[in-house]
Amino acid sequence: MLEVTGFSAGYQGNDVIRDVSFSVNEGEAVMIIGSNGAGKTTLFRSICGLSPTSSGSVRFNNLDITGMPAQRIVRLGLGFVPAERHLFPRMTVHEHLALGAYPQRPDPATMTIVFDLFPRLGERRRQHAGTMSGGEQQMLAVGRALMSQPRLLVLDEPTTGLAPKLAQEAYQALQVLRRQGLTLLVAEQQVPLAMAYTDRGYVLENGVVSLEGTSAELAADPRVRTAYLGVT
């Protein structure tokens, strides 16, 4: 579904990620792990058309989307949930979900799916985003992305700022979406949690892919265990 080849990107002429290649097959859940500053956010923003690309290519469903504007990429079926969430404090839950469907009118069936997945959003549909808890805001950020009816959902650090119980609930919700046919690409700092819910993964270090394998293989790798799982 997604094929990234020889991909480099950065800011003001300085590449943060260099010659990165990876793929995501339809129906998979794939993780990208790495320390802060490894380039995960730059990689995701560039793939999704929000940051410039230096070289390489990105293909989504066999279509070259390299350098394509973000609004076109979303309409092709690639949704993005940024780590910062980018919610509007004075907009309600319902207004955010309607915005996620733009330029189409919100699909009632999709809205129902979001409320079934996150009942708290249904209970707070008239509440302003700025008055919600961090966990509720994360639900809203994911729900907004789902309103575009994506085939692939890219999530950058979805558990940032969440308590362990809420982080677990977030991944359980993503697992429900996956069973419904959604493909997932996740960057995550809580590596053990990501490993429990993904099929494969890539380790990004200093802007390059240093390791790849199934989640089980990475969990058993001494380098991953030492650097990301706290096992010596």
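Annotations
- Residue ID - nearest to the chain's Cα centre (by Cα), chosen from residues in region 10-26 that are modelled with pLDDT of 95 or more and of a type in the set (Gly, Ala, Ser): Ser23
- Which listed residue, of Gly143, Gly122, is in a helix (DSSP H, G or I), small (Gly, Ala, Ser), outside the structural domain of Gly37 (by TED's automatic domain parsing) and in contact (Cβ under 8 Å) with a residue 24 or more places away in the chain: Gly143
- Pairs linking a residue in region 55-84 that is on the phi > 0 side of the Ramachandran plot to a residue that is assigned to a loop (DSSP other than H, G, I, E, B) and exposed (fewer than 15 other Cβ atoms within 10 Å of the Cβ), with Cβ atoms under 8 Å and 6 or more positions apart or on different chains, are Gly67/Pro52; Gly77/Asn61.
- Looking across region 77-110, the residues that are in contact with a Leu (Cβ under 9 Å, 6 or more places away or on another chain) and closer than 20 Å to Val186 by Cβ come down to Gly77, Leu78, Gly79, Phe80, Val81, Pro82, Ala83, Arg85, Leu87, Gly100.
- Scanning region 12-39 for residues that are farther than 14 Å from Leu211 by Cβ and buried (at least 23 other Cβ atoms within 10 Å of the Cβ) returns Ile17, Ala29, Gly39.
- All of (1) at pLDDT 95 or above; (2) buried (at least 17 other Cβ atoms within 10 Å of the Cβ) hold for Leu76 with one exception: (2).
- Region 163-176, subset among the aliphatic types (A, V, I, L, M) and under 13 Å from the mean Cα position of the chain (by Cα), residue farthest from Tyr197 (Cα to Cα): Ala170
The values are calculated or read from the model by the stated rules, or taken from the named source; none is laboratory data. All values derive from a computational prediction rather than experimental measurement. So basically every Cβ, Gly included, is an ideal-geometry build from the backbone, and we count neighbours across all protein chains shown.
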